[in-house]
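Data first, discussion second: the structure below is written as structure tokens.
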Amino acid sequence: MIEREIVVIGAGPAGLSAALEAARSGASVLIIDENHRPGGQLFKQIHKFFGSHEHRAGVRGIDIGTQLIEDASHLDIEVWLDSEVCGIFHEREVWVVRSRELSVTVKAKSIIIATGAVENAVNFTGWTLPGVMGAGAAQTMINIHRVLPGKKVLMIGSGNVGVIVSYQLLQAGADVKAVVEAAGRLGGYGVHTAKVRRAGVPFYTRTTVLEARGNDHVSEAVIVSLDDAWKPIPGTEKVLDVDTICIAAGLTPLVELAFAAGCRKVYSPVLGGMVPWHDASMRTNVPSLYIAGDVSGVEEASTAMEEGRLAGLSAAYSLRYIEKDEYDSRFNDALRRIDSLRSGMFGEKRRIAKHAIINHI
Amino acid sequence: MRIDDHPVLGPLEERKQITIIVDGEPLKVFEGEMIAAALIANGKQYLRKTVKSHSPRGIYCGIGRCTDCVMTVDGVPNVRTCITEVQDGMVIETQLGYGTWKQEKHQ
Amino acid sequence: MKEIQQELKVCGAPSLDELHASPCYQLPPQDRRALAAVIECVEGIPCNPCETSCPQNAITVGEEITALPVVNLEACTGCGICVAACPGLAIYLKKYLFKDDRAYIAFPFEYLPLPKEGETVTMVNRLGESVCEGTVLRVVKIKKMDRTAVIHCSYPNRFYEEVVSIRRLSL
Ligand SMILES: Cc1cc2nc3c(=O)[nH]c(=O)nc-3n(C[C@H](O)[C@H](O)[C@H](O)COP(=O)(O)OP(=O)(O)OC[C@H]3O[C@@H](n4cnc5c(N)ncnc54)[C@H](O)[C@@H]3O)c2cc1C
Ligand code: FES
């Protein structure tokens, strides 16, 4: 068994920010990610972020990712890539599979879990056909691998991931035939839907996909209107000529490691389902365990980064790397930044949901 | 289809071409790319057939979580092709069901 | 907080009524000589690069970054820096009097291919519907704008308010 001070699991925006904050406080940090490259979902986010200057607003996700990695390279941060964490034992021991031949257990003083989230599936007739995929999968294909999975796309779901990926599919040269939304209202930010709409993409609310047709691959999709009880209305079916169907039906926090390690579960529908209970400093009921980012409730990359900072700072403080005064002032700065992201008619709901978790007994 | 030029990401950078063997046919792909991406770029979307109904499957999550994209790679079945890089000379086969280890097949 | 914008939440784009009801939207008056920024950001998202990028301090969001941005038309010089700075691509420049009966618009554009100066293009409204033909006057893509191009066009000014962009050229 080897020993490290702070182990961060997941090198997405939350994990990288946690590692940076802890290392800046003087702690030595090991960050582990199963991917070949750090960055998590950030490198698929080629759009400019919202927020204010201190949140790096107006900067594209990819460029924020590059900067985080650059910053990490100047600090005392060890990075293990292509390494999957498969368990946390006795509150401090992190079991890592580093290759087909090698697994290692790392004993940590504090552990920060920043494993992110996975996309939800929606099933309908034909949904297993090649050409039906998560919106995030399409985003990964176009923005990371530079490959168009199809030319004519139907997007299921109008939340921010659905509309952002629709826009990015247009930028990549695909044609988005429609965005359908089962609810009566579109979910994403109006500025995102507006730019997709003025590019000529129709939105259909109270509509869902009934069927994907095709032999070895999607060749058409059937969509249908829904009544008030969310039941398909016969006779309203419409056949769309598409070769790809993307599903953007929300994300679920990747909580298995946290729960297996003994974290208490709290249900938060607004934040994606079961999440580990945590306090304002991102500490869970297991004193050595902190969480940050989508695993603690699905939000956005900018909030994930602020939560990462809170977790990294708190872990470093618990190991006495910083004095109380300094901790309080840096902590309150981060809290203020995160609160300003969780405001307005979209953020408010998330702020309330977060408070409900923190105050859950 | 590859995205040769992109309004934000710019033109595709020069990469070294290598050859992989897909179901017995050589295919020119680029060093560093994932198997599934290389296949989709060349129009092959269907990567395996299921155990019972033999229905086709392609990528679903694209990030190594769902295992819908598994193929037999260099004789090893159930390799997640969306997160496995191509190598020169790699032998890739559309997988039927659980697949078989190549070594066993040849013995 | 303002009433929920219905058209925006069903069609994806705000109707003119919804825009007129929002304090952020101000169409520059027809007799104005200079270009001015027009903002279509009606939901109160936590965001303020429009305010911080403006060299004239002509856009105000304020301390509370979810407040709606408001343009001070007196101070706005129509420089266009906010057009590329807005992460939501929700700002363009407009003026009614360009030449004869033509209006002028400069809007953000992040698609390929880019149009060419002098090219005739199809102008579209907020729903992406073709409205009229327009002429490309300038295509600005500079480092400072971080890969967002700004396209300047003229078009018949009877469509002054309707037009917001052009049809993508790959279609
Ligand atoms: C596919 C996808 C696309 C998205 N697109 C957008 C978008 O365009 N805009 C937007 O605002 N939000 C988007 N999101 C939402 C997302 O909330 C944030 O953008 C942000 O990336 C969350 O940061 P994170 O660090 O919590 O998680 P992630 O960025 O997901 O990072 C988590 C990292 O942990 C790794 N990991 C997980 N488990 C293990 C393990 N056991 N061992 C080792 N490593 C592990 C993962 O592989 C990953 O690299 C997207 C989410 C997903 C899943
Ligand atoms: S597509 Fe899900 S694991 Fe490869």
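The values are calculated or read from the model by the stated rules, or taken from the named source; none is laboratory data. Keep in mind that what you see is a predicted model, and the values were worked out from it rather than measured. For neighbour counting, all protein chains shown are included, and Cβ atoms are generated from backbone atoms with ideal geometry for every residue, glycine included. Keep in mind that these areas ignore ligands, DNA and RNA; they rest on the heavy atoms of the full protein, side chains included. Shrake-Rupley method; radii C 1.70, N 1.55, O 1.52, S 1.80 Å.
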Next item on the list: Please tell me if A:Ser158 is away from ligand 2 (no atom under 16 Å from the Cβ), assigned to a loop (DSSP other than H, G, I, E, B), among the hydroxyl-bearing types (Ser, Thr, Tyr) and not assigned by TED's automatic domain parsing to the domain that holds A:Asp294.
Entry: yes
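Given the condition open to solvent by less than 30 Å² (accessible area, probe 1.4 Å), more than 20 Å from the chain's Cα centre (by Cα), more than 14 Å from ligand 1 (Cβ to nearest atom) and not charged (D, E, K, R), answer yes or no: does some residue in segment A:89-102 qualify?
No, that holds for no residue.
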Note to self: Residues that are open to solvent by 10 Å² or more (accessible area, probe 1.4 Å) and either within 14 Å of chain C (Cβ to nearest Cβ) or within 16 Å of ligand 1 (Cβ to nearest atom) (or both): does segment A:317-335 have at least one?
What the structure shows: no
Item checked: Checklist (1) under 25 Å from C:Cys47 (Cα atoms); (2) in contact (Cβ under 8 Å) with a residue 60 or more places away in the chain applied to A:Gly39, failing item -> (2)
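From B:Thr100, B:Thr19, B:Thr72, grab the single residue that is open to solvent by 50 Å² or more (accessible area, probe 1.4 Å), away from ligand 1 (no atom under 16 Å from the Cβ) and either acidic (Asp, Glu) or more than 13 Å from every other protein chain (Cβ to nearest Cβ) (or both). Working first, answer last.
Numbers: B:Thr19 fails: open to solvent by 50 Å² or more (accessible area, probe 1.4 Å); B:Thr72 fails: open to solvent by 50 Å² or more (accessible area, probe 1.4 Å).
Only one candidate passes the filter, namely B:Thr100.
Tally up the residues in segment A:242-253 that are within 25 Å of A:Pro269 (Cα to Cα) and open to solvent by 10 Å² or more (accessible area, probe 1.4 Å), please.
Number satisfying all stated conditions: 5.
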Check: away from ligand 1 (no atom under 11 Å from the Cβ) and either at pLDDT 95 or above or open to solvent by 10 Å² or more (accessible area, probe 1.4 Å) (or both): does that describe A:Val295?
Finding: no
Check: Given the conditions (1) open to solvent by less than 50 Å² (accessible area, probe 1.4 Å); (2) more than 14 Å from chain C (Cβ to nearest Cβ); (3) within 20 Å of the chain's Cα centre (by Cα), and given that A:Ser288 satisfies all but one, which numbered condition is not satisfied?
Finding: (3)
Note to self: Contact list please: Cβ distance under 8 Å, first residue in segment A:141-156 and within 7 Å of chain B (Cβ to nearest Cβ), second residue part of a strand (DSSP E or B), pairs at least six apart or on different chains.
What the structure shows: A:Met141/A:Val147; A:His145/B:Met34; A:Arg146/B:Arg2; A:Val147/B:Arg2; A:Leu148/B:Arg2; A:Pro149/A:Met133; A:Pro149/A:Thr244
Item checked: One residue from B:Ile59, B:Ile63 being out of contact with any strand residue (DSSP E or B) (no Cβ under 7 Å at 6 or more places or on another chain), within 14 Å of ligand 2 (Cβ to nearest atom) and in a loop (DSSP other than H, G, I, E, B) -> B:Ile63
Notebook entry, point to check: Considering segment C:81-133 alone, what residues qualify as being over 27 Å from C:Cys50 (Cα atoms) and either open to solvent by less than 10 Å² (accessible area, probe 1.4 Å) or within 11 Å of the chain's Cα centre (by Cα) (or both)?
Noted result: C:Val121
Next item on the list: Mind listing just one residue for me: the one in segment A:199-241 that is in a loop (DSSP other than H, G, I, E, B) and either outside the structural domain of A:Val132 (by TED's automatic domain parsing) or polar (S, T, N, Q) (or both) and, of those, surrounded by the fewest Cβ atoms within 10 Å (Cβ to Cβ)?
Entry: A:Asn215
Check: Quick check, is B:Ile40 away from ligand 1 (no atom under 16 Å from the Cβ), under 22 Å from A:Leu129 (Cα atoms) and modelled with pLDDT of 95 or more?
Finding: yes
Item checked: Matching strands (runs of 3 or more DSSP E) fully within segment C:56-171 where at least 1 residues are modelled with pLDDT under 95 and of a type outside the set (Asp, Glu) -> C:91-99
